[in-house]
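First, the structure itself, so that you have it in front of you.
The values are calculated or read from the model by the stated rules, or taken from the named source; none is laboratory data. Note that the structure is a prediction, hence the values are computed from the model and not measured. We place every Cβ from the backbone using ideal geometry, glycine too, and count neighbours over all the protein chains shown. Only protein heavy atoms, including side chains, enter the accessible area calculation; ligands, DNA and RNA are left aside. Shrake-Rupley method; radii C 1.70, N 1.55, O 1.52, S 1.80 Å.
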Amino acid sequence: MSLDIAATKPHERLAAALSDDLTAVNDMIRARMASEHAPRIPEVTAHLVEAGGKRLRPMLTLAAARMCGYDGPYHVHLAATVEFIHTATLLHDDVVDESNQRRGRPTANLLWDNTSSVLVGDYLFARSFQLMVETGSMRVLDILANASATIAEGEVLQLTAAADLATTEEIYFKVVRGKTAALFSAAMEVGGVIADQDDATVKALFDYGDTLGIAFQIVDDLLDYGGTTATGKNVGDDFRERKLTLPVIRAIAAADDVERDFWTRTIGKGRQEDGDLEHAIALLAKHGTMETTRQTALDYVAQAKNALALLPDTDIREMLIDLADYVVARIT
């Protein structure tokens, strides 16, 4: 079942429940991505921000704040902050990965150039810090500043681990926690902090975001070897980019000498030939690593749902539980 074809879409129900807040977030994003002196900034930013993304990360902030009874204005600032951080990382990632397409549209670096993408990403990071400061909360600033550093650290770790067949599952999860889960967990955590919740509640929000983010990335990695056009993934991109994702790491660990030579040639040295992707998929099937990785994603979703047990029993909490199940719907 795909996120796009499922009959019930929790992220859409969550968006409907938070519609007024999301409208305010979108208004703030448009206002803060403006630039009096550099029109290239809103041009590049609008191309990505208005490309039809689900706004999942800012919705997590809004949901956490509302679930905790917050009735002030600053959850909107924080949700916009989270979206700016996310958009900045996408702009930078597309340059690093030399990507030509995102969300079904040409990337900013393709339409403009790498320099514009990097500098506009830097501008959005700066804007995000301005928004954080406006909340007047040092704890919020600490959480989001740390998340920003962790995201960058995760990207650099992924860069150094790429094509290295010695990459372990431990390194993989450090990368995932950095590049994906850090912003999910921070988005949830600041929603509780701004609502002045106790440490146990804030920790539960963090844990939900952390485990949801890990499951989200594992599913994305699985779909690279087993997705369809309906899931929005181009099968084989990670293989062609020589990324060591969890099913591949596990297949390499179980490989015999001949199979290891194959992984060394295709991933380690980047000498790929016609039919190599299909052979890689066959090796994943032989060693059952797609299934074990799928189970790992399901385990993280179970942890995410368990974390919510400490939160108030509200409609939003139920939507977040459904959202966790929905993340793995594409692989079940």
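If you line up the long axis of helix 315-327 against the longest principal axis of the chain, both from Cα atoms, how many degrees apart are they, to the nearest 10?
20
Can you give me the % of accessible surface on the chain that is carbon or sulfur? Probe 1.4 Å, all protein chains present, nothing else counted.
Details: 7340 of 14340 Å².
Of the solvent-accessible surface of the chain, carbon and sulfur hold 51 percent.
Compute the helix-to-body angle for 19-32: its Cα long axis versus the longest principal axis of the chain, expressed 0 to 90° and rounded to tens.
Helix 19-32 and the main axis of the chain meet at about 90 degrees.
Find the eigenvalues of the gyration tensor of the Cα atoms of the chain, then list the square roots of 5 times those eigenvalues as equivalent ellipsoid semi-axes, largest first, in whole angstrom. Spell out each step's value before the answer.
Working: eigenvalues 221, 115, 61 Å².
Equivalent ellipsoid of the chain: 33, 24, 17 Å, largest first.
Mind listing the phi-derived Karplus ³J(HN,Hα) values for region 41-49, rounded to whole Hz, using 6.51, -1.76 and 1.60 with θ = phi - 60°, and x for any glycine or proline?
Running phi through 6.51 cos²θ - 1.76 cosθ + 1.60 with θ = phi - 60° gives 4, x, 4, 5, 5, 4, 4, 8, 4 Hz.
What's the tally of Lys pairs in the chain whose alpha-carbon atoms lie under 21 angstrom apart, where the two lysines are 8 or more places apart or on different chains?
Counting lysine pairs in the chain gives 15.
Does region 6-77 come out rounded, prolate or oblate, given a ≥ b ≥ c as the square roots of the eigenvalues of its C-alpha gyration tensor, rounded meaning a/c under 1.5 and, failing that, prolate meaning a/b above b/c?
On the way: a/c = 3.40, a/b = 1.51, b/c = 2.25.
Because a/c hits 1.5 or more and a/b fails to exceed b/c, region 6-77 counts as oblate.
Which residues make up the longest stretch of the chain that has no GluC sites (Glu not before Pro) in a DSSP loop with at most 13 other Cβ atoms within 10 Å?
Details: sites that count: 36, 50, 98, 273.
Longest stretch, sites excluded: 99-272.
Could I ask something else about it? Under a Cβ-Cβ cut-off of 12 Å, what is the net charge of the residues other than residue 288 that fall near it, where Lys and Arg count +1 and Asp and Glu count -1?
Details: positive: 250, 286, 294; negative: 291.
Residues near residue 288 contribute +2 overall.
Sticking with this structure for a sec: So how far, in whole Å, is the C-alpha centre of region 274-327 from the one of region 160-178?
Cα centres, region 274-327 to region 160-178: 19 Å.
Helix-only estimate, please: 222 nm mean residue ellipticity of the chain, summing -39500 (n - 2.57) across DSSP H runs of length 4 or more and dividing by its residues, to the nearest 500. Can you show the working numbers first?
Numbers: 17 runs with 227 residues, N = 332.
Helix contribution divided over all residues of the chain: -22000 deg cm²/dmol.
Please find, in a Gaussian network model of the chain (springs between Cα atoms separated by less than 10 Å), the residue of 260, 317, 105 whose mean-square fluctuation is greatest.
Of 260, 317, 105, the most mobile in the Gaussian network model is 105.
Let me ask something else. Find the accessible area per residue for region 149-268; the probe is 1.4 Å, ligands and nucleic acids are left out, and the unit is Å².
Details: 4530 Å² over 120 residues.
Normalised by residue count, the accessible surface of region 149-268 is 38 Å².
Let me know the shape class of region 250-290, please: from the alpha-carbon gyration tensor, a ≥ b ≥ c as square roots of the eigenvalues, rounded when a/c is under 1.5, otherwise prolate if a/b is greater than b/c, or oblate.
Working: a/c = 2.15, a/b = 1.32, b/c = 1.63.
Oblate.
Then there is this: Counting only C-alpha contacts under 8 Å and six or more residues apart, can you give the relative contact order of the chain as a whole percent?
On the way: 456 pairs, mean separation 71.1, N = 332.
Reported as a whole number, the value is 21 percent.
Looking at the square roots a ≥ b ≥ c of the eigenvalues of the Cα gyration tensor of region 123-220, which shape do they give, rounded for a/c under 1.5, prolate if a/b is larger than b/c, or oblate? Before the final figure, lay out the partial values.
Values: a/c = 2.94, a/b = 1.60, b/c = 1.84.
It comes out oblate by the Cα gyration axes.
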